[in-house]
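Visitor: Take a look at the following structure, please.
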Amino acid sequence: MSVFKRFNSKRITSSHPAYAKARWWMYKRLNGKVFHQAIPEAVTKQEAELAERQIIKTTFNHNYGVADSTTTLASFIEAKYRPYVEQNNVNKGAKNLYIRLLLGHFKKRPLASISPQDCRDCRSKLQTRQNKRKKESELSPSSINRIMSTLSKILSLACEEGILDRNPMQYVKALPEPPPRRRLLNENKSKICGTN
């Protein structure tokens, strides 16, 4: 293992006076890629070596397409996407609705098992779903596109975390939306009326 303690930008040994308060580091060269980073959480050499093994295993899995098959969409949303929503101050009410609709389709599916066809099936299911406010009509294409863009963002975050190699939503086209309404002032100039 290639872990060591470093103090004032220099590698030190156990005889150094600052050894106890120095930070653990790792240096490893793997297939031309260099891993040289601090492991601030490690207190002992064993913890530093364990962290090094985990970093190398994650890189190996990513490079050779070994997906993390245990992470489900539901657990990833709770662990990563909800904090993202909180940090970026997006419309939480709408996002909670979109998440509920997506989980209704995907249940507890592992992220690695979601394919582009699964995403298209979800979109198709949303197209036939009844809107609660307008009982006689289906969800509008723009509403479905917003729900599917939420799924795309969740899967993009999974790619950034190294769980997925690529986002399956990149192969799914958005539904065509009608042009926006033109709004004009009426004679009273106090009300805005919409025209198509």
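The numbers here are math on the coordinates, done by the rules we state, and not lab data. Just so it is clear, the structure is predicted and the values come from calculations on it, not from any experiment. Every residue, glycine as well, gets a Cβ built from its backbone with ideal geometry; the counts of neighbours run over all protein chains shown.
Visitor: Residues of segment 42-60 with backbone nitrogen within less than 14 Å of a virtual label 7 Å along the Cα-to-Cβ line of residue 14, please, listed as ranges.
Guide: 44-46
Visitor: A further question on this structure: Could you list which residues have their amide H under 5 Å from that of residue 39, counting only those 5 or more apart in sequence or on another chain, with H placed in the peptide plane?
Guide: 24, 25, 26
Visitor: Sticking with this one: To the nearest 20 debye, what charge dipole does segment 73-171 have about its Cα centre, counting +1 at the Cβ of each Lys and Arg and -1 at the Cβ of each Asp and Glu?
Guide: Working: 19 positive and 9 negative charges, 104 e Å.
Approximately 500 debye in magnitude.
Visitor: Using the count of nearby Cβ atoms within 10 Å as a rough guide to exposure, how do 102, 184 rank from fewest to most?
Guide: Ascending Cβ contact count within 10 Å gives the list 184, 102.
Visitor: Sticking with this one: Counting only residues 5 or more places away or on other chains, whose amide H sits under 5 Å from the amide H of residue 164 once H atoms are built in the peptide plane?
Guide: 159
Visitor: Let me ask something else. Which residue, 76, 35, 106, has the most motion in a Gaussian network model of the chain that connects Cα atoms within less than 10 Å?
Guide: Maximum among the listed residues: 35.
Visitor: Using the 2.2 N^0.38 Å rule of thumb for compact globular proteins, work out how the chain stacks up: its C-alpha Rg over that value, please.
Guide: Here the Cα radius of gyration is 1.52 times the empirical estimate.
Visitor: Now for a separate question. Projecting each Cα onto the charge dipole of the chain (Lys/Arg +1, Asp/Glu -1 at the beta carbon, about the Cα centre), which of 167, 83, 115 comes out farthest on the positive side?
Guide: Farthest towards the positive pole: 83.
Visitor: For segment 73-171, rounded, prolate or oblate, judged on the Cα gyration tensor with a ≥ b ≥ c (square roots of eigenvalues), a/c < 1.5 rounded, else prolate if a/b > b/c?
Guide: It is oblate, given that a/c is not under 1.5 and a/b is not larger than b/c.
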